[in-house]
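Here's the structure we're looking at; comments come further down.
The values are calculated or read from the model by the stated rules, or taken from the named source; none is laboratory data. Being a predicted model, the structure only gives us computed values, none of them experimental. In this analysis, Cβ positions are derived from the backbone assuming ideal geometry, glycine residues included, and neighbour counts consider all displayed protein chains. Surface areas here come from the heavy atoms of the whole protein model, side chains and all, with no ligands, DNA or RNA. Shrake-Rupley method; radii C 1.70, N 1.55, O 1.52, S 1.80 Å.
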Amino acid sequence: MIEIGSRMCKKWWWTNLLYINNLVPWSKVEMCVGQSWYLSNDMQFFILAPLFIVLLYRNTALGLLVTCLTWVASVISAGALTYVDDFGPTPVFDGKVANMTQFRLMYDKPWIRIPPYLIGILGGWIFYKYRNTMVIVVQRLSLMKRLIFGSCIWIITCAIQYGVVFGLHHDMMKKLDLTLPTKAESVLYETLSRSCWGLALVIQIIACETKLGGIINTVLSWKVWLVLSRLTFAVYLVHYILIQVLVSQLRHPFYFAPDYEVAIIYLGCLSMSYAVAVVLYTFVEQPLGLLERLTYRK
């Protein structure tokens, strides 16, 4: 496994520097640092974002049209590819997983991944434009109405997010009996899951900013999350490597069943990822960030 990773990095390291390793090579999945595909997506969205933001600022109607059409095109593309190629709702259910077909055609592609980013842009623009109106409307509600309205928002959005994350649990359990999701289930999940997650998250953020967050906003505002958030980038980079090391050392079949073993492995990988992240942040990320600030200081 380490030898394969080393060979891929010697061949494709330059795609990581250009943030195109989720696009090159196109015909097969060969990637230096497999989890870095998301970094390329993030950079590609960052480069495209000003196009939508400027349009929304300069010409609201055109900006809304372009952003929404891009969103719809992405959603339709995900559903169409899933239907035509008979993919499962995730690559875990891909019948052609040996050659990573679904991963190559869909999973790491920006035109499939962009809906939550577009929803975030739209949500940010709506909140920027109508923030005062939203705050006034909420303040005019009685305490009881505010409590009921806020509770409904959080129950609905959390239910949506729960469905996106755990909605496939039953199908995963059926997979042990070689029973796969239907085509309709696969298309529905691939089409709506990312957009539903992004939409629910935007609504939750706006709820917190308009005083509808209650105790949830208090918990989410704890300073401890700020410390952990500084480590998330390094955690993302190292967690997959730790999982690979763990899997390569297994001497028995591993089943994703809801048991004690899975919980122990998860907590172990999580703890070790954060421990390594502390070292990387302290000796690599923070010094380089400081150097960057000193370089660009006016």
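Accessible area of TYR130 (1.4 Å probe, protein heavy atoms only, ligands and nucleic acids ignored): about 100 Å².
Quick one: pull the percent of accessible area on the range 234-275 belonging to carbon and sulfur, 1.4 Å probe, ligands and nucleic acids left out. Please report the intermediate quantities before stating the final value.
Details: 2220 of 3050 Å².
In the range 234-275, the share of accessible area belonging to carbon and sulfur is 73 percent.
Relative to one another, the C-alpha centroids of the range 74-93 and the range 167-231 are positioned 19 Å apart.
At a Cβ-Cβ separation cutoff of 4.7 angstrom, cysteine residues of the chain with no neighbouring cysteine are CYS68, CYS152, CYS158, CYS196, CYS208, CYS269. For the chain, the solvent-accessible area of protein heavy atoms averages 65 Å² per residue (probe radius 1.4 Å; ligands and nucleic acids excluded). Roughly how much of TRP197 is accessible, in Å² to the nearest 10, using a 1.4 Å probe? For TRP197, the solvent-accessible surface is approximately 100 Å². Taking a cut-off of 18 Å, what percent of all Cα-Cα pairs in the range 160-264 are separated by more than that? Every Cα pair in the range 160-264 considered, those over 18 Å come to 71 percent.
Output the relative contact order of the chain, whole-number percent, from Cα pairs under 8 angstrom with separation of 6+ residues.
18 percent
Note on surface exposure: ARG251, ARG194, ARG297, ARG230 rank ARG251, ARG297, ARG230, ARG194 by accessible area, highest first, 1.4 Å probe.
Please report, in whole Å³, the volume per residue of the convex hull around the C-alpha atoms of the range 204-289. Kindly include the intermediate steps, with their values, before the conclusion.
Values: hull volume 12.3 nm³, N = 86.
Convex hull of Cα atoms, per residue: 142 Å³.
Available extension along the chain between SER142 and TRP14 is 40.2 nm, counting 0.36 nm per residue and deducting the alpha carbon span. Across the range 12-141, C-alpha contacts under 8 Å between residues 6 or more apart give a mean separation that, scaled by the residue count, equals a relative contact order of 25 percent. How many angstrom lie between the C-alpha centres of the range 250-293 and the range 122-138? Cα centroid of the range 250-293 versus Cα centroid of the range 122-138: 38 Å apart.
Its relative contact order, with pairs defined as Cα atoms under 8 Å and 6+ residues apart, puts the range 80-166 at 11 percent. Between LYS183, LYS109, LYS145, the Gaussian network model of the chain with springs among Cα atoms under 10 angstrom shows the greatest mean-square fluctuation at LYS145. Ligands, DNA and RNA left out, the 1.4 Å accessible surface of the range 72-163 is 69% carbon and sulfur atoms.
One decimal place: the segment THR282-SER6 gains 96.8 nm when fully extended, by the rule 0.36 nm per residue minus the C-alpha distance.
Could you estimate the translational diffusion coefficient of the chain from the Stokes-Einstein equation, with Rh from the Kirkwood formula over C-alpha pairs, at 10 °C and 1.306 mPa s, in whole µm²/s? D, rounded to a whole number, is 72 µm²/s. With a simple spin-label model that places each label point 7 Å from the Cα along the Cα-to-Cβ direction, the separation between LEU48 and GLN35 comes to 2.4 nm. Note on the range 1-134: Kirkwood radius taken over Cα pairs, Stokes-Einstein applied at 4 °C and 1.567 mPa s, translational D equal to 78 µm² s⁻¹.
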